[in-house]
Amino acid sequence: MDSILLDTSFCIRLLKSNDTLHQNAKDYFKYFLEKKIEIYLSTIVIAEYSVKDDPANLPLEFVKIIPFDFFDGKLPVNFIRFY
C-alpha cells in the first residue's frame, strides 16, 4: 500500500478519545506513519468534520489535502450521462 485516503468517520474516531474505535484508529494512523504511507484527506472530509469540531484539530501536518472545487462537483454528471 502506497497511500490511503482518510474518511470522516476515521478522523472522528482518531480524535474522539471516548469512541470505542479510538485506539484502533490511533494504531492504524501510527502504522501509516511508520510505514511512510502517504496519507490523504479531502476538503470534503474537512468540511464534514468541521460540523462538530474545529478542523484545526485534525493531524494536518501529516496529511496531503486533496482539493474539491466546483469542477470536481460537476464531474459525476459526466458519468451519469454516459449511462
Practice task
Please determine, by comparing only the residues of the stretch 1-18 that are under 22 Å from ASP69 (Cα atoms) and in contact (Cβ under 8 Å) with a residue 40 or more places away in the chain, which one is surrounded by the most Cβ atoms within 10 Å (Cβ to Cβ).
Solution key: CYS11
Practice task
Evaluate the following for ILE39: is it in a strand (DSSP E or B) and either in contact with a strand residue (DSSP E or B) (Cβ under 6 Å, 6 or more places away or on another chain) or at pLDDT 95 or above (or both)?
Solution key: yes
Exercise for the section: Any chance you could count how many residues in the stretch 43-66 are at pLDDT below 95 and farther than 20 Å from SER17 by Cα? Expected result: 4
Exercise for the section: Would you mention how many residues in the stretch 19-70 are of a type in the set (A, V, I, L, M, F, W, C) and free of Cβ contacts under 8 Å to residues at least 24 places away in the same chain? Expected result: 8
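The values are calculated or read from the model by the stated rules, or taken from the named source; none is laboratory data. Small disclaimer: the values here were computed from a predicted structure and weren't measured. Every residue, glycine as well, gets a Cβ built from its backbone with ideal geometry; the counts of neighbours run over all protein chains shown.
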